[in-house]
Structure formats: structure tokens, C-alpha cells
Amino acid sequence: MKIAMVGSGYVGLVSGACFADFGHDVVCIDKDPAKIESLKAGIMPIYEPGLAELVGSNVKAGRLSFTTDLAEGIAGASAIFIAVGTPSRRGDGHADLSFVYAVAAEVGEHLRQEAVIVTKSTVPVGTGDEVERILTEANPGVRFAVASNPEFLREGAAIGDFKHPDRIVIGTDEEWARQVMTEVYRPLFLNKSPILFTSRRSSELIKYAANAFLAVKITFINEMADLCEKVGADVQDVSRGIGMDNRIGPKFLHAGPGYGGSCFPKDTLALLKTAEDYEAPTRIVEAVVKVNDARKRAMGRKVIEALGGAEEARGKRVALLGLTFKPNTDDMRDSPSIAIAQTLQDAGVEVAAYDPEGMDLAKPLMPGVEMCANAYGAIEGADAVTIVTEWDAFRALDFARIKTLAKAPVLVDLRNIYDPAEVRAKGFTYVSVGRP
Ligand code: UGA
């Protein structure tokens, strides 16, 4: 089957490469000629483990190609995916759908064969209706259907998530479109990944509801962590204790500096806007957004406390280890590290930092922060070392070396990757999240 993927960003590229790996004939399309040229040369626009290899092998096998020409790319395709960005619209938090609608218009203009147009971009409820209207207006003169097929990939684990999904959600009321989509996902279907067919609107909402629910879970455990600190309980045990209840489940209950990334912050805001527009307020999500925003700066204040309070902290130096919003990505969008660095700088603290993949993207977002070549470069002369992102490279730090390099043996571990007793036994002052 021929599949066209319009938009070769994170979701489009990973999905396109995985579909090709299933044996489909895939063309990834993007407006950006520089991106397409790099992809043709085997250079990935993003850092994602395993992606370069997967793209390379499928290009070599002749199943995956790249073009800037949409008309050529969609010719003969039975499924045309729209996987372009839907950033937060400046000023109001609504999802900006201009890219999605522009693609719909262009597809409508060039469509010459029967096809299912599938929105993979994260789009608010009702977007499929508008895409259908735009396509109908272009009057392509062939049968088409508009389906919703949201993406549940996690950055850093995207290929595994694509190939072993918990579920595939497909929203369409048209039987023939269901058949096409079943064909698209047949290899996963045979692998027993459940496919859930729903209406288009339900499918669109499932994406936002899933991300909002996960954001709720994280924020809930973060607030429990704060409470643990006050009452002398251990959030790791609380998390384990509630997660063993099958109705709750153990995942997304790791307390930390607050969620970031390209999805949760933007999608929770967009859900609030939809809820507002339809006069069905989602107060829980409203609270989650506020609590998570406040948490990032609160983590900066936690570091200041570890330095001895605001008075003492002025003029001191802090090493931040990990800047990306989570490990195995170079993505800096809404990363807690940005607010943490800002809070420290506002308090007159000097900040040095290191991240295995995020330095280039971090630099312009963190003016005044000294970017170092490695972890120990950042640690040199620091009055406190702070782990912001749980990269594997920080899981076995050389504590003896830190003691000789840093001005004081103070470790603030915002991801709880170390055992408090062990670190203290090495002579460190150790501060973590929600643990005594
Ligand atoms: C998230 C969802 O997990 C995916 O299912 C979804 O497809 C994706 O958004 C999207 O909408 O495109 P992602 O943003 O890549 O994926 O990252 P997550 O692994 O979900 O982590 C998000 C944030 O939550 C990170 O800042 C992470 O550190 C934080 N987090 C996660 C916690 O603080 N605690 C946890 O227990 C889990």
C-alpha cells in the first residue's frame, strides 16, 4: 500500500519510517527543502534513538522516500496522513490549526485517486469536520474520507511505542475508510495490538484526554511529594503503594520537577480552550496547569534552600545536570530547567550547565548560563550540583571526583535517581523530591 505522510517532523518522520518498516511504500513530504535535503542525505532533524538506522534501512530497501512536492508525494496513495505541527496559538493557548488547514487545501487541490485523509496531528475536537469541508470545497472529484488517528508516541521511546502500542485509535464513521486503516495497521493488528474504532470526534478527544490524564497523574504525585516532605513520608513508597492497585497503575507516578515537553503543556492548554468554548469547564486540568507551572520555579527555590537560603545563595554557583524536559531527546520545549535556571539567576546565583544532547537548543533559551563540555566541567567550582533530567550518564556520577571539583558536597536530585542513605554516607548533603 502507498502511504503519504505530510509533515516530516517528529511524528511524521517516526510514523513514516515505521510504516515503511512494516512493508508499506511511504513518501514523507515536507515544505522545508533543507529538511528534505538532509533527510535524503541520511541526517535526522531530531535526536531520537534508532531513528537514523530505521530511516536508512528503509530508504535503502526502496520503501521510504522524501520530497517537497506534495502533488507528487500523494499521487497514488491510499492513505494520506497529515502530521504537521499544531503549536499553541500565540496569546490564547488555542491550538494553531493553520498548517493543518493549509495541507488539507493543498491535498484537496491535487488529489486524483480515492484516499483516506488521516489527521495524525494533535487537533481539537471538530477539526476533522473542517478538514472535510476544506477538501469538499476543493472538489477533487474522487471519493475520500477524513479520519482521525491520534499519536501516543513518547519522545525518546517513539519507535518502540509505535511498534508496540497499547492501542491504535481510529476515528471514522465510514466502513471503507476503516478497511483502509485496518490495512495500514495490519502488521500491528496481527501482533495483537488492539485497534479501537470510534467516531471522529471521540478519537480527537481521546488524544487530549489521554495527555491531560497523564498530566493529572504526574501533578498529583508531585503534590503528594510536597506533602511527604512535610509529614516525613517517602513519595517513592507512596507511589509504589498506590501504583500496585490495578485501578491506579504504577506508571507516570514519578515525582519530579514538573512535566514539560512539546505535548503536555500545549495539549492541556488547548483542552482548556475547547472546554471553555463548549462551556464544559475542566477544573481539574485547570488546576494541573497552574500547579505544574508554579512547580518549576519552586524547584529553583528548593535549590536556593539547599544553598542556605536567599541571603547565602547570592553569588554562589550551581551546576545543572540535564536540561532537556526528559532524557533521550534534545527537546527543550517547556523544560523545567528553563524556569529553574531563571529562578536561580534572579536570586543572583551563577548557573553552569551540561546536557548530553540538548545544549544547542538550550543555549538561546538560557541566556547567561555557562554551557560546559561535560558534567564535571559544570560541577567544577559549584556550591551545589542539581540533577534536573535523569539521563543515564548521571546515574553513576563519580562522587569522589565531585568532592574534589565542587566547592561544597551538596547534591539536589530533582529526579530521585540516588539512594539518600548512600549519598549521605559519601559525605554529601543530599536533597531530593518527597523523601525524608
Ligand atoms: C507524551 C505522552 O506520554 C505520549 O503518549 C504522547 O504521544 C506525547 O506526549 C504526545 O502527545 O505527542 P512525551 O511528551 O514525549 O509524551 O513525554 P513523556 O514521557 O510523557 O513525559 C512528559 C513529561 O512528564 C516529562 O517532562 C517527564 O519528565 C514528565 N514525567 C513523566 C514525570 O515527571 N513523571 C512521570 O512519572 C512521567
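The values are calculated or read from the model by the stated rules, or taken from the named source; none is laboratory data. Being a predicted model, the structure only gives us computed values, none of them experimental. Note that we place each Cβ from the backbone using ideal geometry, even for glycine, and neighbour counts take in every protein chain shown.
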Just one listed residue, out of Gly258, Gly249, is within 20 Å of the chain's Cα centre (by Cα) and not β-branched (Val, Ile, Thr), and it is Gly258
Residue set Thr282, Thr274, Thr268; condition among the polar types (S, T, N, Q) and within 15 Å of the ligand (Cβ to nearest atom); output residue Thr268
Of (1) in contact (Cβ under 8 Å) with a residue 24 or more places away in the chain; (2) assigned to a helix (DSSP H, G or I), Arg435 satisfies every one except (2)
Residue set Ile117, Ile159, Ile170; condition within 20 Å of Gly12 (Cα to Cα) and touching a Pro at 6+ places or on another chain (Cβ under 8 Å); output residue Ile159
Looking across the stretch 167-178 at residues that are in a loop (DSSP other than H, G, I, E, B) and modelled with pLDDT of 95 or more, the single one that is surrounded by the most Cβ atoms within 10 Å (Cβ to Cβ) is Thr172
Fill in: Selection status of Leu64, within 23 Å of the chain's Cα centre (by Cα) and touching a residue at least 24 places away in the same chain (Cβ under 8 Å)
no
Flagged in the stretch 365-381 as surrounded by fewer than 23 Cβ atoms within 10 Å (Cβ to Cβ), farther than 20 Å from Met332 by Cα and not aromatic (Phe, Trp, Tyr), in numbering order, are Gly377, Glu380, Gly381
Would a scan of the stretch 239-248 turn up a residue that is under 30 Å from Pro124 (Cα atoms) and within 13 Å of the ligand (Cβ to nearest atom)? yes
Review point. Is it true that Asn292 is within 21 Å of Leu227 (Cα to Cα) and polar (S, T, N, Q)?
Key: yes
Among Lys302, Lys407, Lys326, Lys363, the single one that is in the same structural domain as Gly256 (by TED's automatic domain parsing) and under 18 Å from the mean Cα position of the chain (by Cα) is Lys326
Exercise. Just to be sure, is Thr127 under 18 Å from the mean Cα position of the chain (by Cα) and closer than 26 Å to Leu272 by Cα?
Worked result: no
Log entry, pairs with first residue in the stretch 132-152 being within 24 Å of Ile206 (Cα to Cα), second being among the acidic types (Asp, Glu) and within 16 Å of the ligand (Cβ to nearest atom), beta carbons closer than 7 Å, six or more apart or on different chains, reads Ser148/Glu204; Phe152/Asp161
Among residues of the stretch 76-87 being small (Gly, Ala, Ser) and touching a helix residue (DSSP H, G or I) at 6+ places or on another chain (Cβ under 8 Å), the residue farthest from Ala270 (Cα to Cα) is Ser78
In the stretch 272-301, residues that are within 17 Å of Gly434 (Cα to Cα) and either out of contact with any helix residue (DSSP H, G or I) (no Cβ under 9 Å at 6 or more places or on another chain) or among the aliphatic types (A, V, I, L, M) (or both) total 4
Those strands (runs of 3 or more DSSP E) completely within the stretch 290-407 that have 1 or more residues that are over 30 Å from Gly50 (Cα atoms), touching a residue at least 40 places away in the same chain (Cβ under 8 Å) and more than 16 Å from the ligand (Cβ to nearest atom) are 317-321, 384-387
Cβ pairs under 9 Å, 6+ apart or interchain, first in the stretch 227-240 and assigned by TED's automatic domain parsing to the domain that holds Gly256, second at pLDDT below 95, ordered by first then second residue, are Cys228/Pro436; Glu229/Pro436; Gly232/Pro436; Ala233/Pro436; Asp234/Pro436
Could you go through the stretch 132-154 and let me know if any residue there is within 16 Å of the ligand (Cβ to nearest atom) and assigned to a helix (DSSP H, G or I).
no
Is one or more of the residues making up the stretch 204-219 at pLDDT below 95, touching a Ser or Thr at 6+ places or on another chain (Cβ under 9 Å) and away from the ligand (no atom under 12 Å from the Cβ)?
no
(1) β-branched (Val, Ile, Thr); (2) away from the ligand (no atom under 16 Å from the Cβ); (3) not in a helix (DSSP H, G or I) all hold for Thr182 apart from (3)
Of the residues in the stretch 153-172, those that are closer than 21 Å to Val100 by Cα and either assigned by TED's automatic domain parsing to the domain that holds Ile206 or in contact (Cβ under 8 Å) with a residue 60 or more places away in the chain (or both) come to Leu153
The lone condition Ala104 fails out of (1) touching a helix residue (DSSP H, G or I) at 6+ places or on another chain (Cβ under 6 Å); (2) of a type outside the set (Val, Ile, Thr); (3) within 16 Å of the ligand (Cβ to nearest atom) is (3)
